[in-house]
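The values are calculated or read from the model by the stated rules, or taken from the named source; none is laboratory data. Source: prediction; values computed, not measured. In this analysis, Cβ positions are derived from the backbone assuming ideal geometry, glycine residues included, and neighbour counts consider all displayed protein chains. To get the accessible areas, we keep the full protein, side chains included, count just its heavy atoms, and leave off ligands, DNA and RNA. Shrake-Rupley method; radii C 1.70, N 1.55, O 1.52, S 1.80 Å.
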Amino acid sequence: MTSQTPIAHTITDLGNEMLLALTTASRRRDTGETPAAEKPLTVGYVATMGALHDGHATLIRRAREQNDVVVLSIFVNPLQFGPNEDYDRYPRTLEADAALATEAGVDVIFAPTVEEMYPGGDPKITVVSGKLGTLFEGKTRPGHFDGVLTVVNKFFNILKPLVGEANLNAYFGQKDAQQLALIQRMVKDFNHQMTIKPVPVVRADDGLALSSRNQYLSAEEREAALVLSRTLATLREKYITGSFTAEDIAQARATIDSTEGVRLDYLEVVDTDTFEAPQSEQARVLALVAAYVGSTRLIDNMEIN
């Protein structure tokens, strides 16, 4: 029987648990073919807000496959929620999350309180997400990405000293494509000594992108939500076959908006590097969509070339 992964609620406790995990990993490495001293240990980090599902499990398993130690953070970050968003009702399921994390191979869980992360209240100095942070999700949710980058930056700064000489790899899902692009840029601009490891979108068998917010959906709403992935797949087929035109975007928007119970926020086709309209045939192209299904806001994306 596997013992449950230890849960640290303070930075001090996290440091103690990380030291133990790294020491254990080093001893394990020394019993193998390559002594730990000859090759640095690696730490895989997965940042979450909890309410874990198979998409998170995929991130964790990827980190487990590629690293000596895996650490998972669970923190519902108030800075990334607007005044009329679902911070108070966002699911908090630490016991179930710990069970999934243990099964997937996490060594240490860091589940800090708001007071531990932001002693004295909201931070006075935050990360600003720039122009990219004002587009799409940032336009609909002003300040959202500033909150995301501020907390991720803080987690990186907490973890890096604790891993010592080990290499730090952070795993983020491509479902949050704009968030991933911003985090990659922050790592470069702030000279974080770590590597970002993108992981593809995880979907249910019917194509719906996995999300913690899917549990808000009724059975009818979940069926209606399938229009998002199916519309993206249609755009992808048209792009690949060379029949894609600007009218296809308008038709895709109309298809989503005419689905009962679904209200489109945006659907755009963008260059994956700039998140602006593609300027060349060589550009990698991403279709982005956000919509309200009932009262639940969902996002999805798909590379279409």
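Under the condition of being without any contact (Cβ under 8 Å) to a residue 40 or more places away in the chain and in a loop (DSSP other than H, G, I, E, B), which residue from the range 249-272 is most open to solvent (accessible area, probe 1.4 Å)? Once the filter is applied, the top-ranked residue is E260.
Residues that are in contact with a helix residue (DSSP H, G or I) (Cβ under 7 Å, 6 or more places away or on another chain) and among the acidic types (D, E) within the range 277-305 comprise just one, D300. Only residues that are in a helix (DSSP H, G or I), under 18 Å from the mean Cα position of the chain (by Cα) and touching a residue at least 60 places away in the same chain (Cβ under 8 Å) were counted across the range 99-130, and they come to 1. Determine, yes or no, whether A277 is of a type outside the set (F, W, Y), without any contact (Cβ under 8 Å) to a residue 12 or more places away in the chain, out of contact with any strand residue (DSSP E or B) (no Cβ under 8 Å at 6 or more places or on another chain) and open to solvent by 50 Å² or more (accessible area, probe 1.4 Å). No. For the range 129-159, the candidate set comprises residues that are closer than 21 Å to A277 by Cα and among the aliphatic types (A, V, I, L, M); within that set, the residue that is surrounded by the most Cβ atoms within 10 Å (Cβ to Cβ) is L135. Among the residues of the range 131-143, not a single one is out of contact with any helix residue (DSSP H, G or I) (no Cβ under 7 Å at 6 or more places or on another chain), touching a residue at least 24 places away in the same chain (Cβ under 8 Å) and closer than 23 Å to H9 by Cα. When the range 220-238 is filtered for residues that are among the small types (G, A, S) and within 27 Å of F81 (Cβ to Cβ), the ones remaining, listed by number, are A224, A225, S229.
For (1) open to solvent by 50 Å² or more (accessible area, probe 1.4 Å); (2) out of contact with any Phe, Trp or Tyr (no Cβ under 8 Å at 6 or more places or on another chain); (3) part of a helix (DSSP H, G or I), each residue gets a yes or a no:
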{"position": "G207", "(1), (2), (3)": "no, yes, no"}
{"position": "Q215", "(1), (2), (3)": "yes, yes, yes"}
{"position": "E220", "(1), (2), (3)": "yes, yes, yes"}
{"position": "A224", "(1), (2), (3)": "no, yes, yes"}
{"position": "R230", "(1), (2), (3)": "yes, yes, yes"}
{"position": "E237", "(1), (2), (3)": "yes, yes, yes"}
{"position": "E247", "(1), (2), (3)": "yes, yes, yes"}
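Condition check ((1) among the hydrophobic types (A, V, I, L, M, F, W, C); (2) at pLDDT below 95; (3) open to solvent by 20 Å² or more (accessible area, probe 1.4 Å)) across all residues:
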| site | (1), (2), (3) |
| --- | --- |
| D97 | no, no, no |
| A111 | yes, no, no |
| E116 | no, no, yes |
| V127 | yes, no, no |
| D176 | no, no, yes |
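Looking at the structure I just gave you, is L162 open to solvent by 30 Å² or more (accessible area, probe 1.4 Å), of a type in the set (A, V, I, L, M) and in a helix (DSSP H, G or I)? So L162 passes the test.
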